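Just below is one structure, and these are the notes that go with it.
Any read-out appearing in this document is the output of simple, stated calculations on the displayed coordinates, not a laboratory observation. The structure displayed is predicted, hence computed values, not measured ones. With ideal geometry, Cβ positions are generated from the backbone for all residues, glycine too; neighbour counts draw on all protein chains shown.
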Amino acid sequence: MNLYNIKANDEQVTFGQAVKQGFGRNQGLFFPKKLPCFDDIEALLSKDFVSRSSDILSALIGDELSVETVQSLVKNAFQFPAPLVQVQDSIHALELFHGPTLSFKDFGSRFMAQSLRELSEGRKVTILTATSGDTGAAVAHAFYDMDSIDVVILYPRGKISLLQEKLFCTLGGNIHTVAVNGNFDDCQMMVKQAFADAELRTSIGLNSANSINISRLMAQICYYFEAVSQLTSEQRRNLVISVPSGNFGNLTAGLLAKAIGLPIKRFIAATNVNDTVPRYLRTGEWMPAPTIHTLSNAMDVSQPNNWPRIEELFQRKGWGLNELGFGAVTDEKTVETLKVMFNAGYLCEPHGAVAYRLLEQQLKKEEHGLFLCTAHPAKFKESVDIILSHDILLPAMLAKHEVMELLSVEKDAEFPQISAYLRDIAK
Ligand SMILES: *Cc1c(COP(=O)(O)O)cnc(C)c1O
């Protein structure tokens with residue numbers, strides 16, 4: 001698989017380089033030069049999740065990794081289902097939260113971890129990442145117990161929920177968590193400083209494993225196929241998919257699935273009031289506003305990283321941006337929607353509810369709708385319990401971690417402290 005840097009087209013890399021580097025010059029994103037096209041979609045859809053996903057990823061990666069290698073990476077990464085649940089006659093929920101850390105980020109993180117281990121061939125690697133919640137947990141569990149890979153996760157002390165903290169700061173072993181006396185931006189700043197330090201970077205084999213890594217998007221393509229495989233041919237005919245979006249990786253993966261042949265009529269880009277993209281689609285002007293804290297906090301992003309990839313894909317395929325559905329949902333409407341859904345028999349959480357709301361409003365008579373449920377409701381128990389006057393049962397994974405001891409170390413938001421800590425770990 002060859003990829004080019006969207007910001008500097010002459011920079012071209014292999015899949016292996018793209019996975020290890022994350023991004024290219026000027027922080028440019030990598031994008032595949034050629035996309036495969038599957039002609040016999042029916043045959044592909046009739047396969048089981050792991051075999052089908054191996055076929056898709058193998059076609060994308062090409063001969064850089066053998067078919068057998070890709071199969072084993074996929075088998076290790078995708079050990080949990082992505083089921084559809086019927087919510088209305090013409091609407092299904094695609095539940096992407098049955099993995100170990102209960103969010104869709106498990107799919108991408110686990111495939112990235114498997115790929116990175118394969119590609120680093122036993123060399124020492126230190127993964128450094130900053131998190132405000134879900135990503136940290138998914139990355140920690142994906143790399144847990146991998147030989148020769150250390151993971152260091154920075155997060156703002158006291159600014160994530162205790163449940164979230166327990167999920168990834170209790171593993172120990174090769175997972176090192178740092179509670180930083182500062183905010184998320186401070187954490188992200190120190191990650192950037194570490195990568196800017198060339199000597200540190202090479203001496204400890206620093207790697208980012210961040211959300212723009214191409215391997216994560218590629219893994220996410222697979223669950224769109226899995227969703228369609230569970231529909232009847234009648235339902236597949238006029239399919240609309242609503243994607244709750246923050247950094248727009250999930251939507252990028254869906255559009256890539258369509259680009260390689262999956263029959264999807266239309267996507268809806270669903271956001272909360274951090275609505276840079278919906279405003280852009282309405283007015284043609286890219287005007288990020290300050291980020292606002294909302295109930296669907298994993299989508300509190302005003303400068304979505306993956307958007308340039310979407311523009312690139314539309315241009316390459318000759319699609320018009322006006323084909324994309326869009327909308328922004330306030331917290332007030334999110335609360336209202338959660339209640340309506342719950343009364344109709346489906347327990348959802350704020351991110352899924354944002355996607356459902358817009359789908360329900362924009363779905364036409366002859367169409368069938370899917371909305372993506374990106375997290376388990378228990379992950380947002382603190383807000384959802386109050387909204388629904390309910391007591392959500394903790395799934396086994398959360399309950400297990402809830403009683404474990406926090407193993408994080410505390411550091412001030414000063415780079416020399418972090419860099420010394422990194423060197424110490426890599427020893
Ligand atoms: C990360 C996340 C999102 C946003 O996904 P993007 O790919 O960044 O658009 C939505 N919901 C949940 C629960 C998340 O963790």
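Maximal additional length on extending the Leu406-Lys34 stretch stands at 129.4 nm, based on 0.36 nm per residue less the C-alpha distance. For the chain, the spread of Cα coordinates along the three principal axes comes to 61, 52, 42 Å, biggest extent given first. Our note on the geometry: Cα centres of the stretch 158-202 and the stretch 325-352, 32 Å apart. Considering only Cα atoms, the convex hull volume of the stretch 129-176 works out to 59 Å³ per residue. Taking label points 7 Å from Cα along the Cα-to-Cβ direction, Glu285 and Met189 give a separation of 3.0 nm. Among Gly28, Leu347, Pro81, whose Cα projects farthest towards the positive end of the dipole of the chain, with charges put on the beta-carbon of Lys, Arg (+1) and Asp, Glu (-1)? Of the listed residues, the answer is Gly28.
When peptides 139-147, 100-108 are sorted by average Cβ neighbour count within 10 Å, with the highest value leading, the order is 100-108, 139-147. For the residue pairs Lys7/Lys124; Lys47/Lys258; Lys317/Lys379; Lys124/Lys381, the C-alpha atoms sit more than 27 angstrom apart in Lys7/Lys124; Lys317/Lys379; Lys124/Lys381. Packing, taken as the mean count of other beta carbons within 10 Å per residue, orders the peptides 82-91, 22-31 from highest to lowest as 22-31, 82-91.
For the chain, there are no membrane-span-like helices by this rule, meaning no whole DSSP H stretch whose C-alpha atoms cover at least 27 Å of axis and whose Kyte-Doolittle mean is 1.0 or above; this says nothing about an actual membrane. Packing, taken as the mean count of other beta carbons within 10 Å per residue, orders the peptides 185-191, 126-132, 72-78 from highest to lowest as 126-132, 72-78, 185-191. Each Lys and Arg Cβ is given +1 and each Asp and Glu Cβ -1; about its Cα centre, the stretch 81-427 then shows a dipole of about 860 debye.
Looking at the stretch 1-142 alone, DSSP beta bridges between its own residues are antiparallel in about 100 percent of cases.
Over the stretch 81-427, calculate the relative contact order: mean separation of alpha carbon pairs under 8 Å at least 6 apart, over the residue count, as a percent.
Rounded, it is 23 percent for the stretch 81-427.
With both residues required to sit in the stretch 81-427, DSSP beta bridges show an antiparallel share near 10%. The magnitude of the dipole of the stretch 1-84, with charges of +1 and -1 set on the Cβ of Lys/Arg and Asp/Glu and taken from the Cα centre, is near 380 debye.
Which value in Å does the Kirkwood hydrodynamic radius of the stretch 1-125 take, with 1/r averaged over all unlike C-alpha pairs and then inverted? One decimal place: 16.4 Å for the Kirkwood radius.
With all pairs of different alpha carbon atoms counted, what Kirkwood hydrodynamic radius in Å does the stretch 86-155 show?
13.4 Å is the Kirkwood radius here.
Listed by chain and number, the aspartates and glutamates placed with their C-alpha closer than 18 angstrom to that of Lys105 are Glu95, Asp134, Glu165, Glu226, Asp300, Glu349; residues fewer than eight positions away on the same chain are left out.
Along the positive direction of the dipole of the stretch 81-427 (beta-carbon charges: Lys, Arg +1; Asp, Glu -1; about the Cα centre), which of Ala289, Gln230, Val273 reaches farthest? In the stretch 81-427, that residue is Gln230.
Candidates Leu96, Val151, Leu262 compared by Cα position along the dipole of the stretch 81-427: farthest toward the positive end lies Leu262, with charges placed on Cβ.
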